[in-house]
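One structure is given below, encoded as structure tokens.
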Amino acid sequence: MEQTLILNIAQLLTFPGLDAPRRGRDLSSVGLIRDAAVLIEEGLIVSAGPRDVILKRTSPEKCRIVDAQGRVVLPGFVDAHTHPVFAAPRLFDFEQRAQGKTYAEIATGGGGILSTVDLVRKSSAESLMAAFKFWTQKFLESGTTTLEAKSGYGLDWENERKILRVLTQVGKEGPLEIVPTFLGAHAVPPELRERREVYLRRVIEEMIPQVAGENLARFVDVFCEGGYFSKEESRQILEASKKAGLGLKIHAEQLSRNGGAALAADIEAASADHLDFADDSDIRALARTNVVACLVPGSNYFLSKPYPSARKLIDAGAAVALATDFNPGTCPCWDMRMILSIACTQMKMKIEEALSASIVNGAWAASLGKTHGTLQAGKVADLVCHEAQDYRELPYYFAQSPVLWTMKKGEIVFRRSG
Ligand code: NIG
Ligand code: FE
């Protein structure tokens, strides 16, 4: 089997450490190696380290050489929270918000999640697939190699399944790796507005068993929020999901405080996401567990809302991850480098913390921490060469596009032209 050798790396970030979500001081340990090389075989890391050390383990003439051109190389971003299957942008919502309306007001006025649901229901699987494939290319171009991706714009079995099948199919085709999540409990569908109990029972008794039976998702997520699903309803949904063998996620304390964070800690969810209104007791509860606190500050930026307390979470010892939340309503941004910038400038995360949160803890939030997110031997060779000489440039030159190439499982899947 031919080996691949990446040479000419000015700075390599390896993220050494224990096989566990990173917290506290460990979140800052990026494992910087200057003048580095990476050896890859069968899509996996053989070793990553100083060039001299790596060159003793192989002979370059037998390897396929990939040139990093004196730039920075790090593992691909694991974007652990997205809603990427939708039919159209929500420009009307955006216009309204620019004129001062809130997310809640726009949702009640005919915009919001349900307006996307309406369009997704009217769209064929083929057109949703084409739209989603377009976005997968954008993720790869921005250095994201793995994506957690939610359904939630169907809200009946036919349409939720349509979305989950699109996610599964696109993931199978690659090269972007997709971790599908069933978010049937994203909102109560309009036809059952007066009979929400019926929808809840359908999600629990029909949809979740079918999702598990057809192997359509790895996780179940719930929007635990006033006007959407209460803490008690969320608990019922997630307990049924656990029984069905699915992993658990919660949209917790996003627009107000509803108990999602405490619930996540209690039922040992893989992640509790958003956490904008988490209080000190929520933060302490999360810090005591392995639940990843997955922050999505692109949505705070876009809705112009206060940012979640990243500093408090990190200082309390919680395992913090960062993700985009890419979706048409609250974060039409697929680029993790913008999220890094927001984390460092607005939330006072250290650059190293933000990078670990976007990569290693992103992997743990998607329950992929044992195989993804670091350059330790045996892990998946998902690597990105950024057009930077210093890794601190990533959040510094915000909203730029400096990826030279993206590698998934040892193969170059995107190369910047010119
Ligand atoms: O994470 N909060 C729920 N879901 C999305 C928004 C979805 C939408 O507005 O379409 C979020 O922000
Ligand atoms: Fe979300």
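In region 51-91, which residue that is part of a helix (DSSP H, G or I) and open to solvent by 10 Å² or more (accessible area, probe 1.4 Å) is nearest to Asp325 (Cα to Cα)? Here the residue is Leu91. Being within 16 Å of ligand 1 (Cβ to nearest atom) and either assigned by TED's automatic domain parsing to the domain that holds Thr406 or open to solvent by 10 Å² or more (accessible area, probe 1.4 Å) (or both) is a condition met by at least one residue of region 134-150. Within region 121-143, the set of residues being within 14 Å of the chain's Cα centre (by Cα) and outside any helix (DSSP H, G or I) comprises Ser142, Gly143. Could you check, for region 41-48, whether at least one of its residues is within 30 Å of Ala366 (Cα to Cα), modelled with pLDDT of 95 or more, outside the structural domain of Val220 (by TED's automatic domain parsing) and in contact with a helix residue (DSSP H, G or I) (Cβ under 8 Å, 6 or more places away or on another chain)? Yes, region 41-48 contains a residue that is within 30 Å of Ala366 (Cα to Cα), modelled with pLDDT of 95 or more, outside the structural domain of Val220 (by TED's automatic domain parsing) and in contact with a helix residue (DSSP H, G or I) (Cβ under 8 Å, 6 or more places away or on another chain). The sole residue among Pro332, Pro395, Pro328 that is buried (at least 19 other Cβ atoms within 10 Å of the Cβ) and over 16 Å from Val72 (Cα atoms) is Pro328.
Of the residues making up region 201-233, those that are within 16 Å of ligand 2 (Cβ to nearest atom) and closer than 19 Å to Ala80 by Cα number 7.
Residues that are surrounded by fewer than 23 Cβ atoms within 10 Å (Cβ to Cβ) and assigned to a loop (DSSP other than H, G, I, E, B) within region 16-29 comprise Pro16, Gly17, Leu18, Asp19, Ala20, Arg23, Ser29, listed in sequence order.
When region 197-217 is filtered for residues that are among the acidic types (Asp, Glu) and closer than 13 Å to Trp157 by Cβ, the ones remaining, listed by number, are Glu205, Glu206, Glu214. Within region 356-368, residues that are in contact (Cβ under 8 Å) with a residue 40 or more places away in the chain and open to solvent by less than 10 Å² (accessible area, probe 1.4 Å) sit with their Cβ atoms under 8 Å from residues that are in a helix (DSSP H, G or I) and not small (Gly, Ala, Ser), at 6+ positions apart or across chains, in these pairs: Ser356/Asp26; Ser356/Leu27; Ala357/Leu27; Ser358/Met336; Ser358/Ile339; Ser358/Leu340; Asn361/Leu27.
Applying the condition of being touching a Lys or Arg at 6+ places or on another chain (Cβ under 9 Å) and open to solvent by 10 Å² or more (accessible area, probe 1.4 Å) to region 304-320 and asking which residue is farthest from ligand 1 (Cβ to nearest atom) yields Gly317. Scan region 81-88 and give yes if some residue there is more than 12 Å from ligand 1 (Cβ to nearest atom), on the phi < 0 side of the Ramachandran plot and of a type in the set (Ser, Thr, Tyr), otherwise no. Within region 81-88, not a single residue is more than 12 Å from ligand 1 (Cβ to nearest atom), on the phi < 0 side of the Ramachandran plot and of a type in the set (Ser, Thr, Tyr). Here the condition is being surrounded by fewer than 17 Cβ atoms within 10 Å (Cβ to Cβ) and either in the same structural domain as Ile237 (by TED's automatic domain parsing) or among the polar types (S, T, N, Q) (or both); of Asp279, Asp273, it holds for Asp279 alone. Candidates are the residues of region 246-267 that are open to solvent by 10 Å² or more (accessible area, probe 1.4 Å) and within 14 Å of ligand 2 (Cβ to nearest atom); the one that is nearest to Glu105 (Cα to Cα) is Leu255.
Yes/no per residue for (1) over 29 Å from Val166 (Cα atoms); (2) open to solvent by 20 Å² or more (accessible area, probe 1.4 Å); (3) away from ligand 1 (no atom under 12 Å from the Cβ):
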residue: Pro209; (1), (2), (3): no, yes, yes
residue: Ala244; (1), (2), (3): no, yes, yes
residue: Ala269; (1), (2), (3): no, no, yes
residue: Arg284; (1), (2), (3): yes, yes, yes
residue: Gly298; (1), (2), (3): no, no, no
residue: Phe302; (1), (2), (3): no, yes, no
residue: Leu322; (1), (2), (3): no, no, yes
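Against the criterion of being closer than 28 Å to Ala310 by Cβ, free of Cβ contacts under 8 Å to residues at least 40 places away in the same chain and away from ligand 2 (no atom under 16 Å from the Cβ), Lys101 qualifies.
Beta carbons closer than 6 Å, at least 6 apart along the sequence or on distinct chains, pair a first residue in region 268-279 that is more than 11 Å from Val292 (Cα to Cα) and away from ligand 2 (no atom under 12 Å from the Cβ) with a second that is open to solvent by 20 Å² or more (accessible area, probe 1.4 Å) and small (Gly, Ala, Ser) for Phe277/Ser256.
The values are calculated or read from the model by the stated rules, or taken from the named source; none is laboratory data. Note that this is a predicted model, so its numbers are computed, not measured. Ideal geometry is used to build each Cβ from the backbone, glycine not excepted, and the neighbour counts take in all protein chains shown. Ligands, DNA and RNA are excluded from the accessible area calculation, which covers all protein heavy atoms including side chains. Shrake-Rupley method; radii C 1.70, N 1.55, O 1.52, S 1.80 Å.
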